[in-house]
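These notes are about the structure you will find just below.
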Amino acid sequence: MQIALTKKLAGALGLKLPATAEEPNPLFKWTANWMKVWENRKADDLLVLVNHATRFAVAVYQFKRKDLKNFDRIMRAAIENTMFAMNFNPEVVADYFAMAGEIQYVPNRGGKTSAWTTKAGLDCGFHVDALYNRPGNVFDDTLASSLNQDLVGYTAGHEHSFVPFRAMSKALADLTGKPIHRYRAFELEVTLDLEIYTVLRRLLVPANLTFDRFHKVLQSAFSWRDNHLYEYRFPEREGHASITMLPLADALGVDEKINTMSGRTLAEIFPEHPRLDYIYDFGDNWVHEIRFVREIEDYDKPSPYLLEAEGRTPPEDVGGVGGFLSFRDAYLDPDHPDYEEAHEWARY
């Protein structure tokens, strides 16, 4: 495996790089850069790698100076973990590293690949800001997972655009001759009771999906806009007290000892707990009831995937179920004094 280092990163690692090197299969070559997310900080804290064949991105936040001594291990683990986070078959990942061979560092001389890495770093910065809001004691080596689902190459024309995740999936399947996906998955049914009808979404999701990423899946499935706080809650059962699980204790101003979802996955909950509530917007108090349907041991397709959808989600900030019922009355009645306002509101 060949890693093309920027001059800054090579200097930080204290490496003397060869003047020339044989070009490998571009699938086994990556460009790596070390950059800064927060402008008000002096230290670089984001390690970014981009694959030359597929533009598949890998990022580590926070990668600090003390981590340089473990660069090889952290970099390899980040590539593996990002692939695993996107549900790549572990056998395929193992075969890739076996075929890629020993790590060789070379100077970065590609203007195009440098631009790819810079772009990936800037995009990752937006994800860091959305996930963590501010600098803190965070280590995340799967940060670029969602980035790999975005279209790239569109500046050269639509015919040249592609999705890195799909490109890497095809390349690894062609390389190894094995199915790219093989993982444990859950089918879940999520309902939102609006009294006059129920909004339903049936989802297929990876068992190793973290709760913070599951929040993003639910936001997308229900067409929410992620404008408010949220939590997960296990309803009280016989012999078991109810449990509340929050995203980040410090972000909500509560005791840090409270149960947080940081790093926890759905597999820690299902199928042992058949039901879980997702509460979005503590003002409107939208309670989504999540029920476990079934487990698929060796799922071989991409996910999360929306299997079924019924019912339309209310607009944001409508005032909960009661507010939605009033809004709906106005929306459906042309003679209602708030008819036009309701239709304008529904656009957003």
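Data for the structure
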quantity	calculated
Highest-MSF residue in the chain out of LEU188, LEU332, LEU47 [GNM, Cα springs under 10 Å]	LEU332
Spatial extent of the chain: Rg and Dmax, with the Cα atoms as the point set, Å	23.1, 78
On Cα atoms only, tilt of 164-176 relative to the major axis of the chain in degrees	60
Fully extended contour minus Cα-Cα distance, from LYS216 to GLU344, at 0.36 nm per residue	43.5 nm
Selected from ALA100, ALA12, ALA144 as most flexible by GNM, with the chain as the system and alpha-carbon contacts under 10 Å	ALA12
Volume per residue of the C-alpha convex hull in the range 132-203, rounded to whole Å³	248
Order by protection proxy (mean Cβ within 10 Å, highest first), peptides 169-179, 75-85	75-85, 169-179
Alpha-carbon centroids, the range 25-54 and the range 162-189: separation in whole Å	23
Taking the C-alpha atoms of the range 1-71, convex hull volume expressed per residue in Å³	91
Neighbour cut-off at most 16 other Cβ (10 Å), DSSP loop, trypsin sites (Lys or Arg not before Pro), the range 1-64	LYS16, LYS36, ARG41, LYS42, LYS64
FRET efficiency estimate (nearest 0.05) - Cβ-Cβ, ILE103 to VAL293, R0 45 angstrom	0.55
Under-5 Å amide H pairs with MET261, H placed in peptide plane, nonlocal only	LEU246
Degrees separating the helix 320-332 axis from the principal Cα axis of the chain, which is the longest one	80
The chain: relative contact order in percent, alpha carbon pairs under 8 Å with at least 6 residues between	15
Gaussian network model of the chain, springs between alpha carbon atoms under 10 Å - residue of LEU194, LEU143, LEU203 with greatest fluctuation	LEU194
Two-decimal log10 I(q)/I(0) for the range 2-176, as the Debye equation yields it once each C-alpha is a single scatterer, q = 0.09, 0.13 Å⁻¹	-0.29, -0.62
Percent of Cα-Cα distances greater than 17 Å, calculated over the range 90-182	66
Helix axis angle, 90-100 relative to the chain longest principal axis, alpha carbon, degrees	20
Helix-only [θ]222 nm of the chain, DSSP H runs n ≥ 4, -39500 (n - 2.57) each, per residue, nearest 500	-9000 deg cm²/dmol
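Values in this text are rule-based calculations from the coordinates and carry no lab data. Since this is a predicted model, take the numbers as computed values, not measurements. Heads up, the Cβs are rebuilt from the backbone with ideal geometry, glycines too, and the neighbour counts pull from every protein chain shown.
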